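Below is one structure; the comments refer to it alone.
Only the coordinates and a few stated rules stand behind these numbers; no lab work does. Just so it is clear, the structure is predicted and the values come from calculations on it, not from any experiment. Backbone-built Cβ (ideal geometry, glycine too); neighbour counts: all protein chains shown.
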């Protein structure tokens, strides 16, 4: 999922000459996270969805 973050952070930034993805998924234009896996299959209560529609992984998922 980190590929989405780096892709959007670099979008239309003239200072960025290239991106390197290591163990990340780079989406194609128009794709969303839902194109890669079914969010409904994640463990219940894994994600926190804020009022803006952004999803965060709850801390219990990290050991």
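Binning every alpha carbon pair distance of region 2-61 at 10 Å from zero, what are the percents per bin?
Reading upward from the zero bin: 17, 44, 31, 8, 0.
Can you put 20, 5 in order, fewest other beta carbons within 10 Å first? Can you show the working numbers first?
Values: 20 6, 5 10.
In increasing order of surrounding Cβ atoms, one gets 20, 5.
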